1. Residues to consider are A:Ser288, A:Ser299; find the one that is in contact (Cβ under 8 Å) with a residue 12 or more places away in the chain, outside any helix (DSSP H, G or I) and closer than 16 Å to A:Leu27 by Cα.
2. Restricting to region A:62-78, give me the number of residues that are in a helix (DSSP H, G or I) and crowded, with 22+ Cβ neighbours inside 10 Å.
3. Is there any pair with a first residue in region B:6-18 that is more than 7 Å from chain A (Cβ to nearest Cβ) and a second that is not in a loop (DSSP other than H, G, I, E, B) whose Cβ atoms are under 7 Å apart and which are 6 or more apart or on different chains, and what are they?
4. Condition check: surrounded by fewer than 24 Cβ atoms within 10 Å (Cβ to Cβ), free of Cβ contacts under 8 Å to residues at least 12 places away in the same chain and either aliphatic (A, V, I, L, M) or more than 14 Å from chain B (Cβ to nearest Cβ) (or both). Does A:Asp129 satisfy that?
5. Residues that are assigned to a helix (DSSP H, G or I), surrounded by 23 or more Cβ atoms within 10 Å (Cβ to Cβ) and in the same structural domain as B:Asn223 (by TED's automatic domain parsing): does region B:114-121 have at least one?
6. Could you tell me which of the residues A:Pro56, A:Pro33 is more than 7 Å from chain B (Cβ to nearest Cβ), part of a loop (DSSP other than H, G, I, E, B), crowded, with 22+ Cβ neighbours inside 10 Å and in contact (Cβ under 8 Å) with a residue 24 or more places away in the chain?
7. Among the numbered criteria (1) in contact (Cβ under 8 Å) with a residue 40 or more places away in the chain; (2) more than 13 Å from chain A (Cβ to nearest Cβ), which one does B:Glu272 miss?
8. Hey, any hits in region B:240-252 for a residue that's away from chain A (no Cβ under 14 Å) and in contact (Cβ under 8 Å) with a residue 24 or more places away in the chain?
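The values are calculated or read from the model by the stated rules, or taken from the named source; none is laboratory data. No experiment lies behind these values; they were computed from the predicted model shown. All Cβ positions, glycine included, derive from the backbone under ideal geometry; neighbour counts span all protein chains shown.
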2 protein chains.
Amino acid sequence: MTTWKSNIRTVVPYTPGEQPKQKVIKLNTNENPYPPSPLVGKVISSIDLDSLRKYPDPTCDNLIEALAKYHSVDKSKVFVGVGSDDVLAMSFITFFNSKLPILFPDITYSFYDVWADLFRIPYEQKLLDDDFKINIDDYSKPCGGIIIPNPNAPTGVAEPVEFFEKIVAAHPECVVIIDEAYVDFGSNSCIGLTDKYDNVIIVRTYSKSRSMAGNRIGYAIGNPELIKYLSDCKFSFNSYTMDTITLAVGVASLEDDEYFKARIADVIKTREWTKGKLAELGFSFPDSKSNFIFAKHESKDATYIFEELKKKGIYVRHFSKPERIANYLRISIGTDEEMQQLIEALRDIL
Amino acid sequence: MTTWKSNIRTVVPYTPGEQPKQKVIKLNTNENPYPPSPLVGKVISSIDLDSLRKYPDPTCDNLIEALAKYHSVDKSKVFVGVGSDDVLAMSFITFFNSKLPILFPDITYSFYDVWADLFRIPYEQKLLDDDFKINIDDYSKPCGGIIIPNPNAPTGVAEPVEFFEKIVAAHPECVVIIDEAYVDFGSNSCIGLTDKYDNVIIVRTYSKSRSMAGNRIGYAIGNPELIKYLSDCKFSFNSYTMDTITLAVGVASLEDDEYFKARIADVIKTREWTKGKLAELGFSFPDSKSNFIFAKHESKDATYIFEELKKKGIYVRHFSKPERIANYLRISIGTDEEMQQLIEALRDIL
């Protein structure tokens, strides 16, 4: 007799960066070192307890309206979800149903192949060149879909809007997703392409530049038809994913743009300082436009540095696969003080 | 040339009950009329703003531990998600991968067929009898899985644990999900079956009995192996679905059991009072063990009553499909005062 086990979907799950419970310098999950806007705090402390007994607004109207206004697009072009992971997973389910493989870089956000496996979507990973740049010719053949982060992670390398426009224009047969999780830290957004092309969707998150990883908010911008298909799938999965408090804080963050831009400027300044110091210590890295630096040392092994930093209470991220990045460390940008401590620790170790 | 539209997943999404923005008597989405425990409010107002810049604990350890303690089961038997809809959708993806159809009642939670369609799972809906009871013989043949709510919705009819034990014992070839969204309002839980059988999983929600629909918390209890498969799929979908504030309030609610039990007793008392009044007005209904009553009037059409109540600012739920329930209304239990107003309004209308 067969048992229930024969019909279980077994997968190798994504492994998120460690969330240590003790006090450490945490440079391993690209979190923002600064708290969210004080306005967010104000909104949380003014939540009406009685309102929580009711379901949240399933249409997420207030948040969608605030995002549309912020990005100067129509409301019908905006979709929201539980972090950009939710938005991306829903996009995979909705848009990637061709028998042709979807395409993405070999070195990229490590969730893409996990989703493709989970949803049984065929895929091909295209090799970045030795400078971690994307070869656009790899994305020229008809395919089931394309997903590329800009800037790419964990490399931090950004491409200009024209680069993506070429790809989008060449693929009327599929949807192209541009994952802009890190775009606020100094590269250009492709949101403008959604006016001209109906097969492109831009995905964003509150987790990095908005300092709100703990709140789980992501969103997408695309033409209203794409957004409608995405919403239909989302409503078929779970109508009420965005809770009442999250919807309120999502709006609050957008209302304090001055604070938002000041903190981004802080992170960029610290990143550039850190680049200089890392270079002095013998590290090389692509020119990051993100809130992290992807660095390799000229003589010491990444695993060794990773372990030694951990002993000193400093967590960075190390990916053992693919093999050609096994000697790199992804170092998130913390506060000035944290980065000074990192540099001192590295000086000791090397 | 094909366009991207040929590979879109198109679905007919679930339609949630209306969430009117004006002030009305809202008896249409089975929300609890009482606010969550004051402890929940205390936890929200003491959230550390800076903590939100970090990702939440992906393992949801504190909440899982609190739930395990509350239900006197091992931590390895507990899974949490964004409302029971998230837990159920993940369970469909994880457990229902057979070529044989899954089975559920024709009159039941209207999301089941939506998920089956979304994930392309074959299914058969088994007719309830004329008293809205489940015929156990309909669930005797080998199948791809079984899902039944207890008590069932929107009927409110509950079955004893022995009934479900027979089904679980007869189906070693598949996973049986018992959806206990409404179990706290007076029927018996099947959680005990998870000690004896490895193919049964119990799903619960904070949205009804815990007055926390606005927070989006659901959970499942099953044997550690089932929970592990479910967690692997969840981690492959989105590692951080439960946000920092939600995890904290989820624990707080469990810590105030006195308040929880008192509010359930209030709802049950009001429900029994309402049953008496509805019967006097010429309504008939199965004996509900939920926080709603599924009622049909002896002479007036459900659509007529529904529209007239709406004009008076009272929202109840009406399902047009399947046809044999088109003359029923699902009326959520509100406060005593709300139910008195409902009864008066019905007196006017009839």
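1. Only one candidate passes the filter, namely A:Ser288.
2. Counting residues in region A:62-78 that are in a helix (DSSP H, G or I) and crowded, with 22+ Cβ neighbours inside 10 Å gives 4.
3. B:Gly17/B:Arg317; B:Glu18/B:Tyr315
4. It is true that A:Asp129 is surrounded by fewer than 24 Cβ atoms within 10 Å (Cβ to Cβ), free of Cβ contacts under 8 Å to residues at least 12 places away in the same chain and either aliphatic (A, V, I, L, M) or more than 14 Å from chain B (Cβ to nearest Cβ) (or both).
5. Yes; the residues of region B:114-121 include at least one that is assigned to a helix (DSSP H, G or I), surrounded by 23 or more Cβ atoms within 10 Å (Cβ to Cβ) and in the same structural domain as B:Asn223 (by TED's automatic domain parsing).
6. Step by step, each of A:Pro56, A:Pro33 is checked, and only A:Pro33 is more than 7 Å from chain B (Cβ to nearest Cβ), part of a loop (DSSP other than H, G, I, E, B), crowded, with 22+ Cβ neighbours inside 10 Å and in contact (Cβ under 8 Å) with a residue 24 or more places away in the chain.
7. Evaluating B:Glu272 over (1) in contact (Cβ under 8 Å) with a residue 40 or more places away in the chain; (2) more than 13 Å from chain A (Cβ to nearest Cβ) leaves (1) as the failure.
8. yes
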